[in-house]
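Report on the following structure.
Every read-out reported here was derived from the displayed coordinates using simple, explicitly stated rules and does not represent laboratory data. All figures in this text were calculated on a predicted structure; none of them were measured in a lab. Quick reminder, even Gly has a Cβ in these numbers, built from the backbone with ideal geometry, and neighbours come from all protein chains shown.
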Amino acid sequence: MSFLAPGWLFAAGALALVVVGLHLLTRRRPRAILFPTARFIPDRPASAAAPSLRPSDLLLLAIRVLAVLLLGLALARPRWSPAHRTSRIVLLDQSRLAPSIVESALDSLLRTADRVIGFDSTARPLTREDWQSPGPVPRPPGSLSVAILSALRAVPDLRTRGDSVELMIASAFAVEEWDAASSGLRALWPGRITLVPMKPVVSPPRPSTHPALAPEDPLSATLTLIDSADFSTASLVRGTLSAADSAAARAGATVVHWPQDFAATGWSAQTPDSVYGVEGSGAAVVAQFHRSVVPPSGRPVANWVDGLPAATEARVGNGCIRSVAVPITAQGDFAIRPSLIAFTRSLLAPCGGATNATRLSDAALTRVRGSAALAPSSRLTGKNAQVFPANRWLLTAVLFLLLLELVLRPRTARS
Amino acid sequence: MIVPGDYGSLLDALAGVSWPARKPFGSGVAGTHPSRLRGMTAEFTEYRPYRQGDDPRRLDWKLLARTDRAYLRITDDHATRSTLVLLDASASMAFPAPSSGKWRQACRIALGLASVARADGDPVGLMIPRDNSEIWLRPSSRRGVLAEMTHAIAAVNPEGSPSLARGIPGIRKGWRLAIISDFLGEENELLRESRQLIVNGIEVFALHVMAREEIEPAATTRLATDPEHPEIRRVLHEGSAADYVTAFAGWRASLADRWRRSGAEYTEVIADEDTASVIRRVTHGISSTVAG
């Protein structure tokens, strides 16, 4: 048997000693009698009772001491489960940077876990079949914030399996997986975290070439100022999409559909108007744009200054197709403005955003790992959330003893 | 509750005891007590020469015929004396619990004195003041008056704090009054009223009933509460017992002195004392106090 709050036992013992002391040293009130000639007794304070060091009313004393000790025992929260049992949670990275096949060493580690949670941009509990099969396709980027949060939410289900929880994270620990909320969520875990680094899986860069555009196309001037490396995973389509473009998108490429003539696209037309700026992925272009169509539905990747989408992204296979409804004019130097160049580069970024597989710094990993002991279940679940069946019985016994003491007290006082 | 059957042995023990009046008194009803009146009874005392104004019917006509001298025949008259027992049934008389020894002794004395007076041919009556009423048996010479008194007493439980002095004004001249009480309530008022009765020729007997526990309390520590005045609460212990005994004895001595100086017969009675002895002491005019 172990106690979650053993301090209450010592407090109850001390209080029991106080009760015994008070019982022995209490000033006993004299027996009351009717005495017709009481008026002739010298008038002295009636409370001046004789002190008694004799242990009278032993039954009453025993009941009081027992009630105090049982109350202390209940507050100490005894546990009948084996002490020092540690439950284990493993967070398995299933993001785009994680290998799709779990290594044998990691597999044996996952077998010993009480709970396995897979995570990328979301988290889900995994069975053995789940972690041995390839992950979902396409694989979104990972988030350690989501992983830690899912571990915190899984702890209450494991509180009866041990008095401490070991958290293990098997991940690539790439920079892209660490966001602004990660540090705060890490601080919520009151113990150390065991890190199991995984080698990030990064697609090798493909040979890249500039797309061939017509010389009269104003965007051709823009592309000349963009590094060809930006086209390693992206292709630009100024006309209509072809089957080859769709196939490339399914294969994982980023197809940027930026029509030169919007009328031929079949996109929804809107009342022509002018708008004076567009922004996407941190790049903004301030100019007068004559807006006439609305891009197809999808995840907005660029917006007009009035909030309407200027470019959307739709997942196709392992890649995506970005539809850009931003007209480019050939007037002036608009096509070679740095803002337009940056905006164009942001549209050429890989699907789901740019991949940053750089490993977190050692200092950052040390902070994630922490140096404290394993997290106690009581701190993770909250002290008040735990109710032990023994407590109810002990508190019931205390209540019964107190009622018995109330019943016996007048009898002993009269005797 | 007093059981009437308890009094059988007492009444047997009091057979032959009489309760004569202390002084002659005037009364129109013939009885056993000497009267101040000189009447026409057969008990001859002396002759006295006729004086102007004497009732001619009292002349001894035969002596006048024989000696030609006018003399009055003087005889002693005897009269009855109504006896009223004033019994204190206040809460303090229920001491000590649970035997109520003071109340039992007071009841036995009341019945004993009544039986003695009744045996002398005197009318006897009973008054027991209560808080809001009173038990009043007018002095009577009826045969069953003692039984009525017995049943009246048996129905009473001592409680409350009734005023004994309240029953005093109903007493008539020439009566005899026996007050049986512990005198722990309004004793000054009762003494004042009794003094007025004594001046009017009424014999007053004050029987002070007390328990032995009141005279010599045990040395154990107790919180004593006056049953008639609950606000009086004192701690009686070994240290205060001596002071209590002294104070109580002083009060008793003062009380006895005041009653006797007012002309009453004052007798102290212990609750566990033999009742017949007490009654003989009272009827023979032996006033007594308890040492202590």
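Kyte-Doolittle mean at least -1.0 and Cα extent at least 30 Å along the axis: which DSSP H helices of chain B qualify? Sorted by number, the helices that extend far enough and score high enough are B:238-261. Taking a sphere under 11 Å around the Cβ of A:F40 and counting the other residues whose Cβ falls inside, with K and R at +1 and D and E at -1, yields a net charge of -1.
Take B:L146, A:L22, A:L404 and order them by how many other Cβ atoms sit within 10 Å, fewest up front.
Placing the least packed residue first, the sequence is A:L22, A:L404, B:L146.
A cut-off of 5 Å between modelled amide H atoms, ignoring neighbours fewer than 5 places along the same chain, links B:I179 with B:L86, B:F205, B:A206, B:L207. Axis angle, to the nearest 10 degrees, between helix A:144-154 and the longest C-alpha principal axis of chain A: 30 degrees. Distances between placed amide hydrogens fall under 5 Å for B:F95 paired with B:K102, B:W103, all partners being 5 or more residues away or on another chain.
Taking R0 as 25 Å, what's the FRET efficiency between B:A15 and B:W136 from their Cβ-Cβ distance, rounded to 0.05? Provide the component values of the computation, followed by the final result.
Details: r = 28 Å, r/R0 = 1.13.
Taking R0 as 25 Å, the efficiency between B:A15 and B:W136 is 0.30.
Taking the inverse of the mean reciprocal distance over all distinct Cα pairs, the Kirkwood hydrodynamic radius of chain A comes to 28.0 Å.
In nm, to one decimal, how far is the modelled label at A:I226 from the one at B:R172, with both set 7 Å along Cα→Cβ? My value for the distance between the label points is 14.2 nm.
What does the charge add up to near A:L394, with Lys and Arg as +1, Asp and Glu as -1, over the other residues with Cβ less than 14 Å from its Cβ?
Numbers: positive: A:R77, A:R79, A:R392; negative: none.
The answer is +3.
How many percent of the alpha carbon pairs in the stretch A:236-384 exceed a separation of 26 Å? Don't skip to the answer; put the middle values down first.
Values: 4409 of 11026 pairs.
Cα-Cα pairs of the stretch A:236-384 separated by over 26 Å account for 40 percent.
Put in order of Cβ neighbour count within 10 Å, fewest first, the listed residues B:I171, B:I74, B:I180 become B:I74, B:I171, B:I180.
Normalising by the residue count of chain B, find the relative contact order in percent from Cα pairs under 8 Å and 6+ residues apart.
Details: 537 pairs, mean separation 54.6, N = 292.
This gives 19 percent for chain B.
Sequence gap at least 6, Cα distance under 8 Å: using those rules, report the relative contact order of chain A to the nearest whole percent. Don't skip to the end; give the middle numbers.
Working: 742 pairs, mean separation 74.4, N = 415.
Worked out over chain A, it gives 18 percent.
When the chymotrypsin sites (Phe, Trp or Tyr not before Pro) in the stretch A:231-286 are filtered for DSSP coil states and for at most 13 other beta-carbon atoms within 10 Å of their beta-carbon, the remaining sites are A:Y276.
If you restrict to DSSP beta bridges whose two residues both lie in the protein assembly as shown, what percentage is antiparallel, to the nearest 5?
50
Using unit Cβ charges (K, R positive; D, E negative) and no other charged atoms, how large, in debye to the nearest 20, is the dipole of chain A about its Cα centre?
Roughly 3800 debye, rounded to the nearest 20.
If you add up the charges near A:P295, with Lys and Arg at +1 and Asp and Glu at -1, over every other residue whose beta carbon is less than 14 angstrom from its beta carbon, what do you get? Could the numbers behind the result be given before it?
Numbers: positive: A:R291, A:R299, A:R322; negative: A:E313.
That works out to +2.
Reducing the stretch A:253-330 and the stretch A:154-199 to their Cα centroids gives an inter-centroid distance of 40 Å. Expressed as a fraction of 2.2 N^0.38 Å, the value expected for a compact globular protein of N residues, the C-alpha radius of gyration of the stretch B:146-275 is 1.19. Treating each Cα of chain B as one equal point scatterer and applying the Debye formula with no solvent, the log10 of I(q)/I(0) at q = 0.07, 0.10, 0.12 Å⁻¹ comes out as -0.33, -0.59, -0.78.
Residue exposure proxy: B:D60, B:D55, A:D130, ordered by other Cβ atoms within 10 angstrom of their Cβ from fewest to most, comes out as B:D55, A:D130, B:D60.
Over the stretch B:111-172, Cα pairs under 8 Å with separation of 6+ residues give a relative contact order of 32 percent. Partners of B:K62 within straight-line reach, counting aspartates and glutamates whose Cα lies under 16 Å from its Cα and excluding those fewer than 8 residues away in the same chain: B:E46. Over the protein assembly as shown, with a single point scatterer placed on each C-alpha, what log10 of the ratio I(q)/I(0) does the Debye formula yield at q = 0.06, 0.08 1/Å? Here log10 of I(q) over I(0) equals -0.64, -0.84.
Rounded to the nearest 0.05, what FRET efficiency is calculated for A:A11 and A:R79 with R0 set to 25 Å and r the Cβ-Cβ distance? If you can, show how the numbers build up before the last one.
On the way: r = 19 Å, r/R0 = 0.74.
So the FRET efficiency works out to roughly 0.85.
With each label modelled as a point 7 angstrom along the Cα→C-beta vector, the A:F400-A:A263 pair spans 9.4 nm. On a straight-distance basis, which aspartates and glutamates could pair with A:K199 in a cross-link, Cα separation under 18 angstrom, same-chain partners fewer than 8 positions away excluded? Leaving aside aspartates and glutamates fewer than 8 places away in the same chain, those within reach of A:K199 are A:D93, A:E103, A:D107, A:D120, A:E176, A:E177, A:D362. Each residue, B:H284 and B:R233, gets one label point 7 Å from its Cα in the Cβ direction; the gap between the two is 4.8 nm. Relative to the longest principal axis of the Cα atoms of chain A, helix A:58-75 runs at roughly 10 degrees. Helix A:7-25 and the longest principal axis of the C-alpha atoms of chain A enclose an angle of approximately 20°. Per residue, the protein assembly as shown reaches -9500 deg cm²/dmol at 222 nm when only DSSP H runs of four or more residues are counted, each adding -39500 (n - 2.57). Averaged over the residues of B:224-232, the number of partner chain Cβ atoms lying within 10 Å of the residue Cβ comes to 5. Summarising the amide proton neighbourhood of A:A32: residues at separation of 5 or more, or on other chains, whose placed amide H is nearer than 5 Å comprise B:L223.
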